[in-house]
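Just below is one structure, and these are the notes that go with it.
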Amino acid sequence: MKNMIVGLSGSQRDFDNTGFIRDYVNNHYSDSIIKIGGTPISLPLTEDEKTISKYIDLIDGLILTGGGDINPQLFQEESLPETQTPDLRRDSFDMLLIKYAIKKNIPILGVCRGMQLLNVYFGGTLYQDLKYNEEVYLKHLQGDGSPHIPVHKIIPVEDSFLNKLFTDDLWVNSFHHQSIKAVGDKLQISAKSSDNVIEAIEYIDDNHFILGVQWHPEMMYSQGNNGDMKELFQYFMESLKQKRK
């Protein structure tokens, strides 16, 4: 069987304020896919639907990478003070990637922003800042010094995919100030933190493998060689092989 190709949703930025816009994806994603035996390819940001459709034709699986805040208008809210200025082109790009990946039954793993965008795609909503969720008391936005180090645990929900993959609680890292509020249609909660923040969602059946996680498994695996995150990436790669049979 050929090596599985995993598309990584890209972003754009003028890193040094020179006017030169660069396409980029954080290297932790590609490092993790290579370590697990796959072939990563970066998918440069575009709003051209024909190009996005061709991207999906090229890949066996899709990872929706992390990034900035999603436009609140996509879930029918006005922006609150804590919400960053959204990148409308990135929002449109990622939404179209989801659309075409689902249409062609391409397995999807959404990471952090990617999980939140999956939820919005299916009609869900977000807390624009964790301060608006009165139950939150844990640290969900750790510093950048050691991004692979876990800071809190998550508890898989009974009968969920993560509960089948991991029988015990998991310790994860955390880099978010927003979180899921109302869960989207067809999705179910796969894990929560001990302060009831939704940490994973899923839509998994015989035709679809769609998993969103709020933490960054790619940092924990590529930098820390975390065994649990390795198992998560291994299962994702196995789902790609099943679709190719």
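The values are calculated or read from the model by the stated rules, or taken from the named source; none is laboratory data. Just so it is clear, the structure is predicted and the values come from calculations on it, not from any experiment. Every residue, glycine among them, receives a Cβ derived from its backbone with ideal geometry; neighbour counts consider all protein chains shown.
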Return the only residue of I198, I155, I189 being within 17 Å of the chain's Cα centre (by Cα), farther than 21 Å from I36 by Cα, surrounded by fewer than 22 Cβ atoms within 10 Å (Cβ to Cβ) and of a type outside the set (K, R). I189
State which residue is modelled with the lowest pLDDT when the search covers only the range 201-219 and only residues that are over 16 Å from V151 (Cβ atoms) and aliphatic (A, V, I, L, M). I204
Out of G110, G123, G114, report the one residue that is assigned to a loop (DSSP other than H, G, I, E, B), within 23 Å of Y203 (Cβ to Cβ) and modelled with pLDDT of 95 or more. G123
Every residue in the range 130-170 that is closer than 26 Å to H28 by Cα, part of a loop (DSSP other than H, G, I, E, B) and hydrophobic (A, V, I, L, M, F, W, C), please. L138, I149, V151, F166
Filtered residues of the range 53-85 (kept if in a loop (DSSP other than H, G, I, E, B) and surrounded by 17 or more Cβ atoms within 10 Å (Cβ to Cβ)): I59, D60, T65, G66, G67, D69, I70, N71, T83
